[in-house]
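Peer 1: Questions regarding the structure given below will be posed in turn.
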Amino acid sequence: MYIPPNHPRRESLLVRERIVEGYKKGLVALEGLIAHGRGECFDYILGEKTHSFALKAIEAASAALLLAEHPVISVNGNTAALVPREIVELAETVNARIEVNLFYRTREREEAIAEWLRKHGAREVLGVGGNASATIPELFSERRRVSPRGILIADVVLVPLEDGDRTEALRRMGKTVIAIDLNPLSRTSRTASITIVDNIVRAMPLLVETAKGMKGMDRGRLKEILRRYDNNRILQEAVKKIMERLGELSRSRLTLDIG
Ligand code: PTJ
């Protein structure tokens with residue numbers, strides 16, 4: 001679809017087109033389009049920019065990934081469609097494995113996503129077909145099926161656009177869970193160890209850049225960053241920002257002049 005360069009909602013519409021394209025390519029679930037719309041709504045309220053609470057979470061996430069022994073990036077349809085290059089770059093930077101893990105799992109979509117990631121440079125993609133032969137306890141969705149070389153043994157898992165049940169199950173297994181979710185009130189956001197409240201299209205490039213920048217830091221400094229990090233405070237800051245933005249808007253002129 002052609003979007004004029006001066007369209008006021010151009011950036012958001014271009015991202016929406018990428019999700020639709022992802023659906024047409026067989027990467028994104030139909031439900032993924034709805035999930036994206038929910039994200040758009042929060043992003044709109046947050047002013048479609050990265051705030052300081054997200055930057056602090058990105059720093060902590062980089063520290064956790066760099067300190068991890070078995071870091072894993074869990075990839076679903078929306079994530080694959082929006083940030084395939086960044087997934088591969090982050091995996092290379094922090095030495096993480098990439099695993100496809102779908103809520104609405106089908107063999108076709110699993111394979112299409114793995115192929116798409118390989119096309120963007122991924123050397124190995126776990127979680128496809130018989131490869132996902134282990135099970136996460138207490139989880140009943142298709143997300144329970146994981147790779148014994150990936151999520152099952154991971155100590156740190158990055159789960160962009162996740163569902164609450166699995167975040168909780170992974171935490172119960174003692175893993176550090178990093179979420180990227182525009183909704184600071186979602187169960188995922190509230191259950192994760194580190195929540196990046198930002199759009200994945202902005203957060204992932206920043207996460208790659210930050211992790212690259214912190215790669216040379218000594219482990220003591222990385223541990224100190226993690227020790228000081230407080231996810232509850234970060235979520236409170238995100239909710240405060242939403243209130244602030246709505247407060248400002250409620251006091252401003254809302255009607256638009258058209259002539
Ligand atoms: O590919 P599958 O089968 O694994 O399915 C993936 C979806 C995303 C459909 C599935 O995980 C799902 O239904 O997710 P939920 O429960 O709708 O949660 C998605 C969360 O991601 C919501 O809290 C949204 O606000 C948030 N979100 C949506 N788009 C973005 C986002 N957060 C950050 N960046 C986005 N672009």
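The values are calculated or read from the model by the stated rules, or taken from the named source; none is laboratory data. Since the model is a prediction, treat every value here as computed from it, not as a measurement. All Cβ positions, even for glycine, are placed from backbone atoms using ideal geometry, and neighbour counts span all protein chains on display. Protein only, heavy atoms only, side chains kept; ligands, DNA and RNA dropped before computing areas. Shrake-Rupley method; radii C 1.70, N 1.55, O 1.52, S 1.80 Å.
Peer 1: Contact order normalised by length for region 52-238, with contacts defined as Cα pairs under 8 Å and 6 or more residues apart; what percent is it?
Peer 2: 28 percent
Peer 1: Further question: To the nearest 20 Debye, how big is the dipole of region 95-186 about its Cα centre, given +1 on the beta carbon of each Lys and Arg and -1 on that of each Asp and Glu? Could you put the intermediate results ahead of the total?
Peer 2: Values: 15 positive and 14 negative charges, 52 e Å.
Around 240 debye, computed over region 95-186.
Peer 1: Related question: If you roll a 1.4 Å probe over the heavy atoms of the protein chains, what accessible area per residue do you get for region 58-188, in Å²?
Peer 2: 38 Å²
Peer 1: Now for a separate question. Which lysines, on any chain, are close to residue 175 with Cα under 26 Å apart, when same-chain ones fewer than 8 places away are left out?
Peer 2: Straight-distance partners of residue 175: 56, 212, 215, 223.
Peer 1: Using helices alone, I'd like the mean residue ellipticity at 222 nm for the chain: each DSSP H run of four-plus residues gives -39500 (n - 2.57), total over residue count, nearest 500. Walk me through the numbers before you get to the answer.
Peer 2: On the way: 11 runs with 137 residues, N = 259.
Using -39500 (n - 2.57) per qualifying helix, the result is -16500 deg cm²/dmol.
Peer 1: I've got another one for you. Anything in the chain that counts as a DSSP H helix reaching 15 Å or more along its axis (C-alpha) with Kyte-Doolittle mean of at least 1.0? List them, would you? Show your work: numbers first, answer last.
Peer 2: Values: long enough: 10-24 (21 Å, -0.66); 30-45 (24 Å, 0.19); 52-67 (23 Å, 1.52); 84-94 (16 Å, 0.11); 107-119 (18 Å, -1.57); 200-214 (20 Å, 0.89); 231-251 (30 Å, -0.72).
Both cut-offs are met by 52-67.
Peer 1: Count neighbours as other Cβ atoms within 10 Å of each site's Cβ, and list the trypsin sites (Lys or Arg not before Pro) in region 46-154 that are DSSP loop with at most 12 such neighbours.
Peer 2: Here the trypsin sites (Lys or Arg not before Pro) that fit, given the DSSP loop and packing criteria, are 49, 123.
Peer 1: State the Cα centre-to-centre distance between region 62-84 and region 151-190 in whole Å.
Peer 2: 11 Å
Peer 1: Just to confirm the filter: which GluC sites (Glu not before Pro) across region 21-69 are DSSP coil and have at most 11 other Cβ within 10 angstrom of their Cβ? Intermediate results must be reported in sequence, preceding the final value.
Peer 2: Details: sites: 21, 31, 40, 48, 59, 69; in loops: 48, 69.
Passing sites in region 21-69 are 69.
Peer 1: Work out the length of the dipole vector of region 56-134 about its Cα centre, built from +1 on the beta-carbon of each Lys and Arg and -1 on the beta-carbon of each Asp and Glu, and round it to the nearest 20 debye.
Peer 2: 140 debye
Peer 1: Next up: Under a point-charge model restricted to the Cβ atoms of Lys and Arg (+1) and Asp and Glu (-1), what is the dipole moment magnitude of region 52-238 relative to its Cα centre, in debye to the nearest 20?
Peer 2: The calculated dipole for region 52-238 is roughly 280 debye.
Peer 1: What range in the chain is the longest one free of chymotrypsin sites (Phe, Trp or Tyr not before Pro) that are in a loop by DSSP and have at most 12 other Cβ atoms within 10 angstrom?
Peer 2: 3-139
Peer 1: Taking the inverse of the average 1/r across all pairs of different Cα atoms in the chain, what Kirkwood radius in Å do you get?
Peer 2: That comes to 18.8 Å for the chain.
Peer 1: Also, I was wondering about something else. Tell me, what % of the accessible area of the chain is carbon and sulfur with a 1.4 angstrom probe?
Peer 2: The value for the chain is 53 percent carbon and sulfur by accessible area.
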